[in-house]
Each structure stands twice: as C-alpha cells, then as structure tokens.
Amino acid sequence: MRVLFTGTELFPHVKVGGLADVMAALPKALRAQGVDVRVLLPGYPALKRAAVPLEPLVALGDLMGGGEARILLGRCPAGLPIYLLDQPAFFHTDTPYAAAGTLPLGFGALSWAAAHLGRHGDGHGWCPDLVHAHDWPTGLAPAYLALAGAPRPRTALTIHNLAYQGLFPADLLVPLGLPEDCFTPGGVEFYGRIGFLKAGLMYADGLTTVSPTYAQEILGPAGLGLEGVLQHRNGSLRGILNGVDESVWDPARDPHLPRPFDRDHLEARRPGKLDLQRSLGLQEAPEAFLVAVVSRFAGEKGLDLVLEALPWFAGHGIQLAVLGQGEADLEARFLAASRLHPGQVAVHLGYDEALSHRIYGGADALLVPSRHEPCGLTQMYAMRYGAVPLVRATGGLADTVTDATPEALKADRATGFTFLEPDSAALEAALGRALGLFRDHPAAWTALQRRGMAREAGWGPSARAYLAFYEKLLRA
C-alpha cells in the first residue's frame with residue numbers, strides 16, 4: 001500500500017504545534033507496519049537543508065500565481081522520503097502561517113501538488129493508492145481530486161483542530177483553480193467564504209480526528225459551525241488517538257535532561273527539578289510543589305483560568321513554570337505575574353524544545369486546563385517523564401488521563417487528575433487534591449507517577465488503527 005501524507009509541519013525542522021510531531025512519527029510507525037508512506041511538504045528553507053541531496057522530479061509551471069513551481073524528492077535525516085513543493089514566492093521562510101497575504105494561494109498550491117502526485121505519481125514509478133491530507137492547509141487536496149473525476153486515489157483528511165478552518169474570500173475561487181459550481185453549501189462554500197477544511201470534510205472519502213472523545217464532541221457545539229457537515233459525514237468519521245514517538249520522548253535516554261531516569265529510579269529525577277528551578281529563577285526548594293504549563297497561548301487552552309487561580313497558587317506555596325507563546329494579552333499577563341511573584345512564578349516566552357523536555361523531566365505536575373483539546377500530546381509527554389497531568393476532561397485529555405479518585409487509586413488505575421467545569425474554582429479543587437496527595441501521601445504520588453510512565457503511549461496501536469482505516473477505504 002502506497003500512501004502520500006501532506007501537511008505543513010515536520011518535527012524537528014518546522015514546528016508550530018503537535019501537527020509537526022504527528023507528521024514525523026505516524027509515517028514512521030506506518031512504515032513499520034509495511035505501508036510505503038511518503039510526505040509532501042512546502043519547500044521551507046529548513047526542510048531543503050534537512051532533506052539534501054534533493055532530486056528535481058516534476059515541473060508544475062506557475063501555480064496559483066506564485067511563479068514556477070516544482071516537486072523535489074529527498075529524505076529527512078530519519079530516513080523518511082519527502083517531496084517538497086519548491087515555490088519560493090510562497091515558502092521562503094520557516095514560519096508556516098505568518099504570511100497571511102499568501103496563505104490561501106500557497107496552501108492551495110500545496111493541495112494542488114498533492115492532487116497532482118496522487119493522480120499522476122512522481123514520474124519515477126511511485127504513485128499513491130491513497131492521499132492523506134492533514135488539517136485545513138491541505139483540505140483542498142481531496143476537493144481537487146474529487147472534482148477532477150476518476151481515475152484517482154482514495155482520500156482521507158485528518159482534523160487536528162477544528163478551531164482553525166482556513167476561511168478565505170470567495171473571490172479567490174478562480175485563482176485557486178476551483179470551478180464555480182463547487183461554491184455551494186454542498187461544496188467548498190462556508191457562510192459566503194471558501195472553507196479549506198470544509199472542502200476536505202465534504203470531498204474526502206474518509207475522515208479521522210485525533211481522539212475518540214473529540215470525534216463525538218465535534219458533532220455538537222465543539223464543531224464550531226461545522227457540526228452539521230460532520231453529522232452528515234459521521235459514518236465516514238473515526239477518532240484515532242495520537243501517540244508518542246518513544247524514540248524522542250524517553251527520559252532514560254534524553255540528552256536534554258541533567259540526569260536520565262526511568263520508572264524504577266525516580267529518585268534520579270530530583271536533580272532535574274533543582275536544575276529547572278535554578279535555571280528559571282524559581283526558589284530552589286525540592287519540597288515545593290512545582291506545576292508546569294507548556295502550551296500555545298490561546299483562548300481555547302484555558303490559560304486565563306491559570307491566571308485567575310494565581311492567588312490560590314500563592315496562598316498554597318505552589319510554584320508555576322510556564323513555557324509558550326501566542327496571544328499578546330496572555331503573554332503580557334503571564335509576564336506581569338512573574339514580576340508580581342518572583343521566585344514562585346517563572347515564564348519563558350517562545351518555543352524551546354530542549355526546555356520543554358527539562359520541564360517534563362523536572363516538574364511535579366503538568367497543567368492542561370483546555371476548554372477544547374482534540375488530543376493533546378503534552379499530557380502524554382508528561383506521563384512518560386513522571387510529571388503527573390492535571391487536565392480538564394475534554395477531547396483527548398479525557399481519553400488519556402484517569403482521575404485519581406480514591407477508587408481509582410485503590411484499583412491502581414489512576415494516572416492523573418481531571419476536572420470538568422472550565423472555571424478557576426474547578427481547577428483549584430483539582431489542584432487541591434493533587435497537592436494533598438503530593439504532600440501527605442508521597443508513596444501514593446510515586447505510584448501515580450510510575451503508573452503514568454507505564455501507560456502504553458507509542459504509535460503502534462494508532463498505526464494499526466490507521467492501517468485498518470486505509471484498508472477499508474481502499475475496499476470501498
């Protein structure tokens with residue numbers, strides 16, 4: 001079976017969020033299952049440097065008014081074959097979503113190139129049986145294939161986050177090479193605009209999203225206006241939980257940690273906590289309850305609840321370490337909190353892969369208070385590293401974290417703490433339970449850490465589920 005993935009990020013070269021991790025790890029897991037997976041990505045400078053030597057394969061002419069385009073073939077250092085859409089007018093930086101003015105045409109060109117590879121192959125004997133598009137930037141790929149008619153490969157679209165839908169003015173229909181008769185509610189039109197994600201939902205043969213609970217939630221209000229489309233396509237929709245690349249996220253072999261450890265040697269975790277406190281400017285106190293946040297700063301992430309709960313943090317002597325970036329207002333408020341609570345609140349703005357590993361390996365708990373969370377990877381990374389997750393029970397967070405109720409603790413099932421209501425009172429109540437277990441029942445806390453570290457989180461089960469999904473599509 002030959003499968004073409006297409007998306008806009010690839011760890012560790014171009015990363016904004018969890019999509020980059022999925023685009024790197026899932027193809028590798030599928031190849032281990034015998035699937036011939038290749039990936040089509042924009043020709044960002046970082047990817048051109050990583051995939052050398054590059055072989056020119058297909059000349060595409062002027063795509064979407066962005067000048068001459070061509071498809072190159074290379075391999076990333078991990079060995080994955082990757083095609084790059086070389087079109088510098090659209091992809092001249094390593095920031096995928098920054099060039100707002102050219103986003104629709106650039107990602108339209110990427111989708112068109114995916115459809116071209118899907119229909120005609122790469123000219124060197126490789127042609128996919130299935131094209132798998134990831135999230136809104138490649139949502140037009142299934143549309144281009146379906147609208148051109150048979151013969152064509154089967155298509156799949158994975159929804160990574162419905163909050164990002166790719167909505168653009170209707171006057172781009174012709175520049176994007178879309179026929180006028182597809183601009184209808186049954187096609188690419190979404191409330192008077194072109195919807196890239198809406199197009200993928202309508203035209204892809206099969207749909208997936210990144211957790212079973214999220215697959216159910218988006219049929220209701222969490223569908224953010226697309227719930228009607230998703231209800232219509234529900235028979236083709238499947239929730240498959242994301243996994244963790246265990247070769248990257250392994251505290252026993254992680255070069256970013258001051259000292260490696262595993263679930264049987266948690267005492268070796270202590271230097272990592274002190275190192276983290278020291279480097280972030282927190283009070284060096286091994287007995288302090290150190291809670292971390294590693295997140296994009298966006299409303300859906302519920303970080304305003306953390307800010308509202310800061311007086312509670314201060315009153316109970318809890319330390320807070322925050323890593324992330326995003327909305328300017330949230331960045332400013334967290335920086336102000338760090339100035340107001342020196343030694344107790346530390347904030348590092350930006351993306352720092354090494355620091356994220358050190359946070360997972362040194363913090364006592366990881367806080368994920370999301371209002372919506374399709375899957376979430378940070379809570380799974382945290383469990384791998386012995387940082388107990390404290391999450392709002394939504395989407396993939398509900399699928400991966402078992403609340404430490406007295407019954408679950410007694411039955412050895414608990415892996416973290418959850419709360420239901422998206423408000424600071426519910427967050428504080430869950431933090432209170434976690435703090436009580438940490439301070440008063442250290443043996444139970446250690447057992448909770450070890451249980452999370454033992455949880456199967458690799459990509460193997462997910463890859464097998466995707467393989468079954470592909471086989472069903474190809475039989476249809």
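Could you give the DSSP H helices of the chain that reach 15 angstrom or more along their long axis (alpha carbon positions) and whose average Kyte-Doolittle hydropathy is no lower than 1.0?
none
Of the listed values (i) 21.6; (ii) 25.5; (iii) 33.4, grab the one calculated as mean projected area of the Cα convex hull in nm² from the structure here.
Matching entry in (i) 21.6; (ii) 25.5; (iii) 33.4: (i).
What lysines does Lys28 reach when the alpha-carbon gap must be under 28 Å and sequence neighbours fewer than 8 apart in one chain are set aside?
Output for Lys28: Lys15, Lys48, Lys472.
Restricting to the chain, what percent of DSSP beta bridges are antiparallel, rounded to 5?
Values: 17 of 66 bridges.
Here the share of antiparallel DSSP bridges comes out near 25 percent.
Which residues' amide hydrogens lie under 5 Å from the amide hydrogen of Leu320, considering only partners 5 or more residues apart or on another chain, with H built in the peptide plane?
Val291, Val345, Ala346
How high is the relative contact order of the chain, in percent, counting Cα pairs under 8 Å that sit 6 or more residues apart?
That works out to 12 percent.
When only Cα pairs under 8 Å and 6 or more residues apart are kept, what is the percent relative contact order across the range 116-238?
Reported relative contact order: 24 percent.
What list of ³J(HN,Hα) values in whole Hz, one per residue of the range 373-386 in order, does the Karplus curve 6.51 cos²θ - 1.76 cosθ + 1.60 (θ = phi - 60°) give from phi, with Gly and Pro shown as x?
Each residue of the range 373-386 in turn: 8, x, 9, x, 10, 4, 5, 6, 4, 4, 4, 4, 9, x Hz.
Find me the longest stretch of the chain that has none of the exposed GluC sites (Glu not before Pro), where exposed means in a DSSP loop (not H, G, I, E or B) with at most 11 other Cβ atoms within 10 Å. Mind dumping the intermediate values first?
Numbers: sites that count: Glu287, Glu456.
Maximal segment without exposed cleavage sites: 1-286.
Note down the net charge around Leu303, summing +1 for each Lys or Arg and -1 for each Asp or Glu among other residues with Cβ under 14 Å from its Cβ.
Taking every Cβ under 14 Å from that of Leu303, the sum is -3.
Need the list of lysines near Lys410 for cross-linking: C-alpha distance under 29 angstrom, and skip anything on the same chain fewer than eight residues off.
Cross-link targets: Lys273.
In whole Hz, what ³J(HN,Hα) sequence does the range 48-58 give by Karplus (6.51, -1.76, 1.60; θ = phi - 60°), x for Gly and Pro?
Ordered by residue, 3J(HN,Hα) equals 4, 6, 6, 9, 5, x, 9, 10, x, 10, 10 Hz.
Count neighbours as other Cβ atoms within 10 Å of each site's Cβ, and list the chymotrypsin sites (Phe, Trp or Tyr not before Pro) in the range 205-310 that are DSSP loop with at most 10 such neighbours.
Filter output for the range 205-310: empty list.
With θ set to phi - 60°, apply the Karplus curve 6.51 cos²θ - 1.76 cosθ + 1.60 along the range 401-415 and write out the HN-Hα couplings as whole Hz, x wherever there is a Gly or Pro.
10, 9, 5, 7, 6, x, 5, 5, 5, 5, 8, 6, 10, 5, 10
If amide hydrogens are placed 1.01 Å from N in the peptide plane, which non-local residues have theirs closer than 5 Å to the one on Cys76?
Under 5 Å from the amide H of Cys76: Ile82.
Normalised by the number of residues in the range 266-454, what is the relative contact order in percent for Cα pairs under 8 Å and 6+ residues apart?
Here the relative contact order equals 21 percent.
Show the residues, 5+ positions off or on another chain, whose built amide H is closer than 5 Å to the amide H of Phe190.
Close amide H contacts, sequence-distant or interchain: Gly195.
Each value in this text was obtained by applying a stated rule to the coordinates, not by laboratory testing. Everything numeric here is computed off the predicted structure, so don't read it as measured data. When we count neighbours, we look across all protein chains shown, and the Cβ atoms used for this are built from the backbone with ideal geometry, even at glycine.
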